[in-house]
1. Going through segment 150-169 one residue at a time, which ones are in contact (Cβ under 8 Å) with a residue 60 or more places away in the chain, open to solvent by 10 Å² or more (accessible area, probe 1.4 Å) and farther than 22 Å from Pro83 by Cα?
2. Hey, among Ala110, Ala147, which residue is in contact (Cβ under 8 Å) with a residue 24 or more places away in the chain, surrounded by fewer than 19 Cβ atoms within 10 Å (Cβ to Cβ) and within 12 Å of the chain's Cα centre (by Cα)?
3. Mind checking which pairs have a first residue in segment 53-80 that is modelled with pLDDT under 95 and a second that is not in a strand (DSSP E or B), Cβ under 6 Å, 6 or more apart or different chains?
4. May I ask you to verify whether Ala110 is aliphatic (A, V, I, L, M), more than 18 Å from Ala61 (Cα to Cα) and out of contact with any Asp or Glu (no Cβ under 8 Å at 6 or more places or on another chain)?
5. Among the residues that make up segment 130-143, is at least one of them closer than 22 Å to Leu67 by Cα, open to solvent by 40 Å² or more (accessible area, probe 1.4 Å), touching a residue at least 24 places away in the same chain (Cβ under 8 Å) and assigned to a strand (DSSP E or B)?
6. Inside segment 124-139, can you point out the residues that are hydroxyl-bearing (Ser, Thr, Tyr) and out of contact with any Gly (no Cβ under 8 Å at 6 or more places or on another chain)?
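The values are calculated or read from the model by the stated rules, or taken from the named source; none is laboratory data. Every value quoted in this text rests on a predicted model; they were computed, and no experiment measured them. With ideal geometry, Cβ positions are generated from the backbone for all residues, glycine too; neighbour counts draw on all protein chains shown. Note: areas computed on protein heavy atoms with side chains; ligands, DNA, RNA excluded. Shrake-Rupley method; radii C 1.70, N 1.55, O 1.52, S 1.80 Å.
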Amino acid sequence: MNYPREADPRLRRNFLALLGASILSACSTAPPSSRGPFDPVAPDFGGADPDPIGSLPEELAREASFLALSLVDTPYRYGGNTPAGGFDCSGLIVYVFRNAAGLGLPRTVAQLAQVGQPVRPSAMRSGDLVLFDTTGRFSHAGIYVGAGRFVHAPSTGGAVRLDGVQARYWKPRFSGVRRV
């Protein structure tokens, strides 16, 4: 579906949230596959449980995904942590988990990389944190929303957006998954 760029950002945001809900509902009913999108190049997570149970119930993790999708097109702002003021990547994550699940998370990506349990990439589920090495170890993060996609606030001058974890830019920079 072509979506006009000049359309009201609220309509686009609602459209993306509805699309995300469709993706998430389809993904939540499918049985887990034995091979995930990263199995051929998955880093060793030190014997991590392939599908650990996080402290956050799966239902709240999905709520976090829905909220993240609804924030697509919110402007990027370094140090930002609200929809009105804009978001940077960690500010987006902190805002989403606080408002969707009442969970307080640390503010930096390096600290987020230590939260919860490590997850094998093949076991990612909606609401997991995906971590990337863009300018250094654990320098960028987003919220996995299913179907190989994640929501993140990527750069100055940009906006919160939905990207593929296996996209040409992100795949080589992928550095881990955490379940909160």
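1. So in segment 150-169, the residues in contact (Cβ under 8 Å) with a residue 60 or more places away in the chain come out as 151-162, 165-166.
Narrowing the set further to residues that are open to solvent by 10 Å² or more (accessible area, probe 1.4 Å) leaves 154-159, 161-162, 166.
Gln166 - this is the single residue of segment 150-169 that is in contact (Cβ under 8 Å) with a residue 60 or more places away in the chain, open to solvent by 10 Å² or more (accessible area, probe 1.4 Å) and farther than 22 Å from Pro83 by Cα.
2. Values: Ala110 fails: within 12 Å of the chain's Cα centre (by Cα).
Every option except Ala147 fails the conditions.
3. Gly54/Gly116; Gly54/Val180; Leu56/Ala101; Leu56/Val180
4. Numbers: aliphatic (A, V, I, L, M): yes; more than 18 Å from Ala61 (Cα to Cα): yes; out of contact with any Asp or Glu (no Cβ under 8 Å at 6 or more places or on another chain): yes.
Yes: the conditions hold for Ala110.
5. So in segment 130-143, the residues closer than 22 Å to Leu67 by Cα come out as 130-132, 140-143.
Next cut, open to solvent by 40 Å² or more (accessible area, probe 1.4 Å) only: none.
No, that holds for no residue.
6. Looking only at segment 124-139, we keep the residues that are hydroxyl-bearing (Ser, Thr, Tyr), and these are 126, 134-135, 139.
Selection gives Thr134, Thr135, Ser139.
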